[in-house]
Amino acid sequence: MTKRFFSIFFGLFLFVLPIPGTIALRQVLLLGLLALLVLLWHQSRKRLSIPVRGVGALLLWLAILSAWLIIQACWISEESPWALDELGSQWLPALLAAAVGIGVVLVHADGLSRKKLLAGIVLVFLAQTVFSLLVTLPDFLANGAFPQGTTTLTAGKLELSYWNNLLLSFLVIDVLARWLYRQSLSALPTPLIVGGIFAVFVSNLAFGARNGVIGSILLLSSLALLVIWHERKKIGSAKAVAFLGGAVLLVSTLASLNYHLDPRWSRFTETARIAWNPAASDAWLHPDDALLPQLASGVPVEASAYFRIAWIRAGVDLVADYPWGVGYGRNAFGHALRKTMETRLGHAHSGLIDWTIGVGIPGLILWLAFMIWAAALGIRRYFVAHDPAGLVLTFVVGGFFGRMLLDSINRDHMLMVFFLIVAVLVALPEEPVK
């Protein structure tokens, strides 16, 4: 009965994470999951144990990162109270989510197959994708477009597209395993897997998630390269040609639809050139009331691209000014700027810039090392242990790092779900394909 409650709490926790206004519910569910873990540990006569290597290394990496963040906040940052508060509200919940991820595998190690466990996770992600489309359908019918920002029941396109691409990592590797090895990654039927992939593409396009579509295209392109490597000796076979042709067509269709449905692309190149010279205009410092620079045609620059690129460019300068960091926090970019100028800016819309400004170049090196370790673990498990779940781990890590370049996703519930899913995939017992 306790395991059943744990599974229900876990599914609900995953589902409500991206829904706005549920912070208190998230915290209650997270604490409830941790309490159930302790109870299950106490009840288990065999003492639950993780049946796979890698969990110890994951815990060590998280401990090393946490140690640096605390050292930096206490002895280097000039704003220690703020940095420590951010560690408590941002980093600690993510660590607890990682503990829950390990606990999910631990709890189900002797009573639920790996395929069923992964099927449950995929179904929750897919339910969130479909739910977000359904609850915003009235807006589409009334206005001819899906809402681009946060609604009462759905997060903004950043969170939605990140959730979608996490789901896509599981789905496409499941398809790959079924195609190459005649074995499935999850216990879900193939039509549902294919339908899920279609739903992800529709959602990313419907909500105008430009970076989400880019992530989907990169993931599919990586998958196509992997197929080429697997089928290099029979690349001319009808089966291989059909698969690669389908992948190229899908990627081309996605890119074309995104370009034509999102009018921002037509002004991107010239906008990027102007934005990379922040000294030419201070509009990037005051996005709420700024007069945007103009293109050669006389129309304003594309706002989203202009601000993001200008903030990244300014962030690079701030890293040089504060190589040891100003303190861990979601708005480290704004805190660094306010040391020398007046602005209401918060984060830089680039998680990598925010992270580096906050915890310094040593923190960046540690984070890169952690990412490389996790991605390499997934690659080893796939190519050496022949376990497709290892490739999911690599895609999840690579996707998160790629989005960090363009979006501030290393924060709030997005950081929590990343740590949770990484912990699940690291802790999963290896199952080589036959």
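The values are calculated or read from the model by the stated rules, or taken from the named source; none is laboratory data. All of these numbers come straight from a predicted model, not from anything done at the bench. Note: ideal-geometry Cβ built from the backbone for every residue, glycine included; neighbour counts use all protein chains shown. Accessible surface is based on the protein model in full, side chains and every heavy atom, while ligands, DNA and RNA are left aside. Shrake-Rupley method; radii C 1.70, N 1.55, O 1.52, S 1.80 Å.
So the values come out like this:
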quantity: Breaking point among (1) under 21 Å from residue 103 (Cα atoms); (2) open to solvent by less than 20 Å² (accessible area, probe 1.4 Å); (3) not acidic (Asp, Glu), for residue 429; calculated: (2)
quantity: Test: residue in segment 330-340 that is at pLDDT below 95, crowded, with 23+ Cβ neighbours inside 10 Å and in contact with a Ser or Thr (Cβ under 6 Å, 6 or more places away or on another chain); calculated: yes
quantity: All positions within segment 281-323 that are assigned to a loop (DSSP other than H, G, I, E, B) and either among the small types (Gly, Ala, Ser) or under 12 Å from residue 270 (Cα atoms) (or both); calculated: 281, 290, 293, 295, 296, 297, 298, 299, 301, 302
quantity: Enumerated helices (runs of 4 or more DSSP H) restricted to segment 128-221, each holding at least 1 residues that are within 17 Å of the chain's Cα centre (by Cα) and within 23 Å of residue 410 (Cα to Cα); calculated: 157-181, 190-206
